[in-house]
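The values are calculated or read from the model by the stated rules, or taken from the named source; none is laboratory data. This one's a predicted model, so the numbers in the text were calculated from it and none came from an experiment. A quick note on method: Cβ atoms are made from the backbone with ideal geometry, for glycine too, and the neighbour counts reach across all protein chains shown. For the accessible areas, the whole protein counts, side chains as well, though only heavy atoms, and no ligand, DNA or RNA atoms are used. Shrake-Rupley method; radii C 1.70, N 1.55, O 1.52, S 1.80 Å.
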Amino acid sequence: QEIPFSGCLNPQGNIMPRHILTTALFATSLALAAPALAALKIAKPADAQTHPQKQPENSNPLQIAQHIQTKDLIGVWANSAETDGGSLLTITMMGTDSKGLDIMLIELKKPQKSLLIMQNFTWQFNEKTQEFTQRVTDFSTILNNGTPKQEKSEIGKTDTVKVQMMLLDDKPFMFELTSKSNGEKHRYFKQDTDQLNKYLNEYLNKQALN
């Protein structure tokens, strides 16, 4: 099975097993995954660019990107939610080699169950239309930490989504994907890979001592 950088937050780093990655991420609660957007007002559109324009003093740090570039999508993105009944963690990683990985971890409290979904894909971004196309190259599920089960019927499926991005201090902060086929929306927040790797290492060191 194809697993591009599925076990690490840094594609150039050492590979971490799938189950350890997701367990560790969930254990750290992804503190950086979903900052409170309600506290920030949306300002006028701005370009997503490497060299931001000088902003007026006291200007709003959160803006809508007017034009997204392919490089703006590279990296690790995540979101999480929790209710009385359980929790949901979603992660997407996009590499410079046009390959990526989606992870979804669902945990129920009563009855206690977990479902891990892993999806490898290739991707391309049309900067002119601002559309992202994904093709699934591998798809597997793990129920209650059991044996991985490959879902061959999912392999080869493609989806094209419209991309919108928000910038925080002129840097990619959050993007929203809207499927052209069914209108579903998914939001992901940009992750600081160095900080997340630090959290992961701390978690794994604690586990090793227990």
Query raised in the report: Pairs, please: C-beta under 8 Å, at least 6 apart or cross-chain, first residue within 10 Å of Phe189 (Cα to Cα) and in the range 63-81, second surrounded by fewer than 18 Cβ atoms within 10 Å (Cβ to Cβ) and at pLDDT 90 or above?
Result: Asn79/His186; Asn79/Arg187
Requested in this report: Determine which single condition Glu202 fails, assuming it passes every other condition in (1) in a strand (DSSP E or B); (2) modelled with pLDDT under 90; (3) of a type in the set (D, E, K, R).
Outcome: (1)
**Report entry** the range 171-186 - residue that is open to solvent by less than 20 Å² (accessible area, probe 1.4 Å) and out of contact with any Pro (no Cβ under 9 Å at 6 or more places or on another chain) and, of those, modelled with the highest pLDDT
**Finding:** Phe175
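So which of Phe139, Phe125 ends up being of a type in the set (A, V, I, L, M, F, W, C), at pLDDT 95 or above and more than 23 Å from Thr70 (Cβ to Cβ)? Spell out how you get there, then give the answer.
Working: Phe125 fails: more than 23 Å from Thr70 (Cβ to Cβ).
The match here is Phe139.
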Query - Filter result (touching a residue at least 60 places away in the same chain (Cβ under 8 Å), of a type in the set (A, V, I, L, M) and under 30 Å from Asp72 (Cα atoms)) within the range 114-158 - result: Leu116, Met118
